[in-house]
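Below is one structure, written out as structure tokens; comments come after it.
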Amino acid sequence: MIVNLPVPFGKISRRCVGALKAVQAEHVAPQVYSTRSSSSTLPRITTHYTVYPRNKDPRWEGLEMERFADEADVVIVGGGPAGLSAAIRLKQLANQHEKELRVCVVEKASQIGAHTLSGACLEPTALSELIPDWKERGAPLNTPVTEDKFSILTEKYRIPVPILPGLPMNNHGNYLVRLGHFVRWLGEQAEELGVELYPGYAAAEVLFHEDGSVKGIATNDVGIAKDGSPKDVFERGMELHAKVTLFGEGCHGHLAKQLYKQFNLRENCEPQTYAIGLKELWVIDEKKWHPGRAEHSVGWPLNRNTYGGSFLYHLNEGEPLVAVGFVVGLDYTNPYLSPFREFQRWKHHPSVMSTLEGGNRIAYGARALNEGGSQSIPKVTFPGGMLIGCSPGFMNVPKIKGTHTAMKSGMLAAESAFSKITDENLQSETAGLYIPEYEEAFKKSWIWKELYSVRNIRPSFHSYFGLYGGMVYTGIFYWILRGKEPWTLKHNGLDSAQLKPAKDCTPIEYPKPDGKISFDLLSSVALSGTNHEHDQPPHLTLKDDSVPVAQNLAIYDGPEQRFCPAGVYEYVPLETSDGMRLQINAQNCVHCKTCDIKDPSQNINWVVPEGSGGPAYNGM
Amino acid sequence: MHRSSEVKHVASYLNTRGCECFGQPCESHCPVLTDRTIHVQLKTFIKIRVKPDRTGVVTDGVKHSMNPFCEIAVEEAIKLKEKKLVKEVVAVSCGPQQVQETIRTALAMGADRGIHVEVSGKDYETLGPLQVSKIFAALAKKEQADLIILGKQAIDDDCNQTGQMIAALLDWPQGTFASEMTLEADKMKVVREVDGGLETIKIKLPAVVTADLRLNTPRYATLPNIMKAKKKKIANVKPADLGVDVCSRLEVLKVDEPPQRQAGVKVETVDDLVGKLKEAGRV
């Protein structure tokens, strides 16, 4: 099921291009090779070379696998708030000290900002430190928060909760922004300073020196067919070597996942716990538009033991625009829960419908976010590299803000890297620089103070009282004690281990989308503008092709069909015999990473597809 | 009903004038340049929105990239260069600052140099095939090109006019909808995709060829080539320098979304069908 996108114009040429692609696809048989790790009756799903190495594959014999390599001083993976802030800070320091520094940023999106998705309510602290004259430079912070509303929802009613000053949800001094546009502006600032930005090129591999330190990254190969064989246009990616590599891939980065194992970075911290955030942009009736209003809610439609809530931000960007979204904690236990359908259902609440009625939905997207706070922060520095931004995870959960801390972490990494790189007397033990100063700096900074003070709020939801326990805890301990209590509550463990078997849970009856307020999944995915080169190995790789049907479907009724916000996973009946098989519609993927996080068998490994693929968010 | 907000690129030109190699492919002693026309167009998979004032579509923040048919055109030019049949490939684009990115992609694919014809603001919004073909014709004379290769049409406006207009303005022969092109001495053999099948023609150079889908599969612009392309030159030119007036003769009155598709109605018998058709005034 490929998303059939409505095309008001250019139909003929699109059909032309579509026809050619279909012709090209005909020669690719989906079940070419006899499966190795799956049973012989199941068609092969995974063809990616990370699961089936090419040096053992006869189709790759004799092919030139040498890569062109280039040297930079610092390579940054990810052109988001953290990566760009680091790049900008490095160049600022270089100019200040009159030193030459080559800084390269690789970004998998086709343009900077196209994979950025957030509420967002930005706290301008880090921005003012980085670029004090941001207003004169035209940073798109156009909507200062004028009003904060917080409520607990029941099925029909809305109970307002006062936001007293001092509570984390108080947004005085903050701005409602379209983060994608803000990131685009950061990209422009970076380019002005001489940073080399390379959107459309994904970092696919971490490179290591002989001594085990990080040497740099390699970008993705192009021209591999769906069945894993080389196409005529096959070209190797290139290697970018650096003295230090900063990894700013955002929440649950795929390279970070490898680095955690490689350098044992998570041995002294709790596993990260996540949530999925779904978001839409709506143009609404002018009479209902109150620019500067930030509304948050908890409660309905989630039960008290499922963490989550909503946001509705009235943006002041020319037309009556609201950013509306829903967050569901990924430690939910019921495999029948669908975060997408909870979101669609929530919009029908009378207090929300009154705003959206008569409006027009113009964008949709989703992304996982961190909820672990200070308990889940791994070691952030290792020989040759550092982790910045939402990748290690600096989100302040009760504030629902992570951009300011991500930016600050990028800046701190840049500052510590700069002094090490330009130190002429440096005697480094490893070929890739090891910079423990970054970890010390971040522990002394306001990031740590902030995260430490709110560390117990999210875990306080894990009790029997769920949501209410959490709110009481926040009211008493945070508001009064500001997180100074001497204990640190723990999370529940891995999100993927939280699902109960389907037989122990009740299916949830979701209402049908009405096409005006709530919508179906496919039309939503179409709005994300996502697309990938179709003739490439699916980038949602399975370690074992037989596990989805044998475990996920058998025990948990296939939760991936429900938690994926893009309809990538579908269980379809087998053509020739009884039973089901998993179909992966990789083209729909919006790079949210939820599957990699929530798969109860931890069998799904998200790897990066060919660069430029993925969503085409515009100011999300 | 959509507005084209594309930017057209004109690639460089073949120059085999005065070449004395009869019956033999032009070798490197003839400076031969290939032309490419590259369109920048609105990326296909993005949901396009009509602007609130109904004068066009929203283009702000939408990723613009090289028109697929123009990518094929660039690829063909570079293939000709690799076969040593042309000497220089010049990629040209008309539009605001952003088009430089698209020219760089062409340079990364293998073009030798670029020309950016600066058209921005209101002029850019009303830029259409007639003005672009005038710009190309002027550039062709200036650069003394011998071959102009363009994509057959831009996928945002589907005009399918620029190539043909250039040929008319220059009084050059044209081979449109090419699915195959072969240089034979001073003639270009072009296999054209037409409604009835395939038509093979031979046209004398200098000529205009427009690329169709099956001409080739464009190569990827790899990162090392993008980096190298930063060193290649892009010249800046204004339409006025070429003596071209980009004023449009067309005025867009209104842009609307397509009407919502109505649900179908099932009928039980033929009589019902006829009855319903009569009701709708169709019979």
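The values are calculated or read from the model by the stated rules, or taken from the named source; none is laboratory data. If you're wondering where the values come from, they're calculated on a predicted model, not measured in any experiment. So basically every Cβ, Gly included, is an ideal-geometry build from the backbone, and we count neighbours across all protein chains shown.
Regarding the range A:499-509, can at least one residue be identified that is at pLDDT 90 or above and within 14 Å of chain B (Cβ to nearest Cβ)? Before you say what the answer is, go through the steps one by one.
The initial filter retains those residues of the range A:499-509 that are at pLDDT 90 or above, namely A:499-509.
Filter again for within 14 Å of chain B (Cβ to nearest Cβ), leaving none.
So far as the range A:499-509 goes, no, none of its residues is at pLDDT 90 or above and within 14 Å of chain B (Cβ to nearest Cβ).
Residues in the range A:510-536 that are closer than 27 Å to B:Gln262 by Cβ, within 14 Å of chain B (Cβ to nearest Cβ) and either of a type in the set (A, V, I, L, M) or touching a helix residue (DSSP H, G or I) at 6+ places or on another chain (Cβ under 8 Å) (or both): A:Phe519, A:Leu522, A:Ser524, A:Val525, A:Ala526, A:Leu527. Would a scan of the range A:419-440 turn up a residue that is within 29 Å of A:Leu179 (Cβ to Cβ) and among the small types (Gly, Ala, Ser)? Looking for residues that are within 29 Å of A:Leu179 (Cβ to Cβ) and among the small types (Gly, Ala, Ser), one finds none in the range A:419-440, hence no. Among the residues making up the range B:105-163, those that are assigned to a loop (DSSP other than H, G, I, E, B) and farther than 28 Å from B:Arg49 by Cβ are B:Gly110, B:Ala111, B:Asp112, B:Gln144, B:Ala145, B:Asp146.
Within the set B:Pro259, B:Pro224, the sole residue that is under 30 Å from A:Gly200 (Cα atoms) and free of Cβ contacts under 8 Å to residues at least 60 places away in the same chain turns out to be B:Pro224. Scanning the range A:224-248 for residues that are within 30 Å of A:Leu387 (Cβ to Cβ), within 14 Å of another protein chain (Cβ to nearest Cβ) and touching a residue at least 40 places away in the same chain (Cβ under 8 Å) gives A:Ile224, A:Arg236, A:Gly237, A:Met238, A:Glu239, A:Leu240, A:His241.
Here is a yes/no grid of residues against (1) away from chain A (no Cβ under 14 Å); (2) at positive phi; (3) modelled with pLDDT of 90 or more:
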site: B:Gln174; (1), (2), (3): yes, no, yes
site: B:Phe177; (1), (2), (3): no, yes, yes
site: B:Glu180; (1), (2), (3): yes, no, yes
site: B:Glu193; (1), (2), (3): no, no, yes
site: B:Ile203; (1), (2), (3): yes, no, yes
site: B:Leu213; (1), (2), (3): no, no, yes
site: B:Ile226; (1), (2), (3): no, no, yes
site: B:Val237; (1), (2), (3): yes, no, yes
site: B:Ser248; (1), (2), (3): yes, no, no
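Just checking: which of the strands (runs of 3 or more DSSP E) contained wholly in the range B:167-208 hold 2 or more residues that are crowded, with 16+ Cβ neighbours inside 10 Å? Break it down into steps so the answer makes sense when it comes.
On the way: elements: B:174-184, B:187-194, B:197-204.
Where strands (runs of 3 or more DSSP E) fall fully within the range B:167-208 and carry at least 2 residues being crowded, with 16+ Cβ neighbours inside 10 Å, they are B:174-184, B:187-194.
Close Cβ contacts (under 8 Å, 6 or more residues apart or on different chains) running from residues in the range A:111-138 that are free of Cβ contacts under 8 Å to residues at least 40 places away in the same chain and surrounded by 24 or more Cβ atoms within 10 Å (Cβ to Cβ) to residues that are part of a loop (DSSP other than H, G, I, E, B) and of a type in the set (Ser, Thr, Tyr) are absent.
Residues that are without any contact (Cβ under 8 Å) to a residue 60 or more places away in the chain and part of a strand (DSSP E or B) were ranked within the range A:569-620; the one that is nearest to A:Thr541 (Cα to Cα) is A:Tyr569. The condition of being buried (at least 23 other Cβ atoms within 10 Å of the Cβ), modelled with pLDDT under 95, more than 16 Å from B:Ala73 (Cα to Cα) and touching a strand residue (DSSP E or B) at 6+ places or on another chain (Cβ under 8 Å) holds for only one of B:Asp156, B:Asp146, that being B:Asp156. Checking every residue in the range A:162-174 against the condition of being touching a Phe, Trp or Tyr at 6+ places or on another chain (Cβ under 7 Å) and farther than 30 Å from A:Gly475 by Cα gives zero matches.
Report, by residue number, each residue of the range A:119-129 that is within 29 Å of B:His64 (Cβ to Cβ) and more than 16 Å from the chain's Cα centre (by Cα). Answer for the range A:119-129, where residues must be within 29 Å of B:His64 (Cβ to Cβ) and more than 16 Å from the chain's Cα centre (by Cα): A:Leu122, A:Leu127.
The residue of the range A:188-199 that is surrounded by the fewest Cβ atoms within 10 Å (Cβ to Cβ), among those that are more than 12 Å from every other protein chain (Cβ to nearest Cβ) and not in a loop (DSSP other than H, G, I, E, B), is A:Glu192. Of everything listed in (1) within 13 Å of chain B (Cβ to nearest Cβ); (2) at pLDDT 95 or above; (3) part of a loop (DSSP other than H, G, I, E, B), the single unmet condition for A:Trp185 is (3).
Could you check the range A:6-118 for strands (runs of 3 or more DSSP E) lying wholly inside it with 3 or more residues that are modelled with pLDDT of 95 or more and within 22 Å of the chain's Cα centre (by Cα)? Talk me through it step by step, then tell me what you get.
Details: elements: A:69-71, A:74-77, A:103-107.
The strands (runs of 3 or more DSSP E) meeting that bar are A:74-77, A:103-107.
Summed over the range A:166-182, the residues that are over 18 Å from the mean Cα position of the chain (by Cα) and within 12 Å of chain B (Cβ to nearest Cβ) give a count of 0.
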